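Each remark here refers to the structure printed beneath this line.
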Amino acid sequence: MTKLDHPVLIGVIGAAQGIRGEVRIKPFTEDPMALADYGALYTKDGRRFEILDHRFAKTVVVVRLRGINDRNAAEALKGLELFIDRSSLDDEELEEGEYFHADLEGLEAWDADGQFWGTISGVLDFGGGDLLELRDEGKKPVVIPFTLAAVPNVDLEAGRILVDPIAAGLISTGEDDEGDEGDGRSGGDR
């Protein structure tokens, strides 16, 4: 069994497909068929899976995994999250202002006045643009938009982001703030 140093979630196994051990995987990659491009896939507990064959079917990828040869074995995998190591992802594919979720998680959020707002504990996307969840010990988590106005700077080397607390909605101005239309900034695991 292998434990990954920096695991990146790329898919979740769903229902079994047919009687020969195939499973449906919901991919979190930009290209759904890229699941097979990363080599072995791993679970949190270190189990290793090798994709033997795959095909796209509507919103999932139907996959045949080495060692999974019947429906019972496939059904036992339902709900398993599949990971690769961050080192398997190519930074060259990223455009300016684009980040892997795994690189953002754990960064500290500071404002220009030196106030700490929390650590990024997750990157969320409900269809209206990426959101960053910030957690600070002893406080409730807060969610801020991942836009250029709210997060004008991301410094991966320093392990921090610069936030504008007003644009991020961390400080109320007392006025009804107009929504930010976004800036195209994207954080997506592939």
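Amide H contacts of Ile10: Leu82, Phe83, Ile84, each under 5 Å away and 5 or more positions distant or on a separate chain (H built 1.01 Å from N in the peptide plane; Pro and chain starts excluded).
The residue list Met33, Ile13, Phe49 was ranked by how far each Cα lies along the charge dipole of the stretch 1-58 toward its positive end, using unit charges on Cβ atoms, and Ile13 comes out on top.
Per residue, how much accessible area does the stretch 58-183 have with a 1.4 Å probe, in Å²? With the other protein chains kept in place, the stretch 58-183 gives 61 Å² per residue.
Dipole check for the chain: with +1 at the C-beta of Lys and Arg, -1 at the C-beta of Asp and Glu, and the Cα centre as origin, the magnitude is about 1840 Debye.
Pairs of Cα atoms nearer than 8 Å and 6+ residues apart set the relative contact order; for the stretch 105-150 it is 26 percent. Expressed in units of 2.2 N^0.38 Å, where N is the residue count, the Cα radius of gyration of the stretch 71-137 is 1.54. Placing pseudo-labels 7 Å out from each Cα toward the beta carbon at Glu108 and Glu50 gives an inter-label distance of 4.4 nm. The relative contact order of the chain comes to 20 percent, based on Cα pairs under 8 Å that sit 6 or more residues apart. Within the accessible area of the stretch 15-68, the carbon and sulfur atoms contribute 48%, probe 1.4 Å, all protein chains present.
Using just its DSSP H runs of length 4 or more, each adding -39500 (n - 2.57), the chain gives a mean residue ellipticity at 222 nm of -1000 deg cm²/dmol after division by all residues. Shown here are the Rg and Dmax of the Cα trace of the chain, at 19.4, 61 Å.
The values are calculated or read from the model by the stated rules, or taken from the named source; none is laboratory data. None of the values given here were measured: they were computed from a predicted structure. Glycine gets a Cβ as well: all are built from the backbone with ideal geometry, and neighbour counts include every protein chain shown. The protein model used for the area step is the full one, side chains on, heavy atoms only, and it has no ligands, DNA or RNA in it. Shrake-Rupley method; radii C 1.70, N 1.55, O 1.52, S 1.80 Å.
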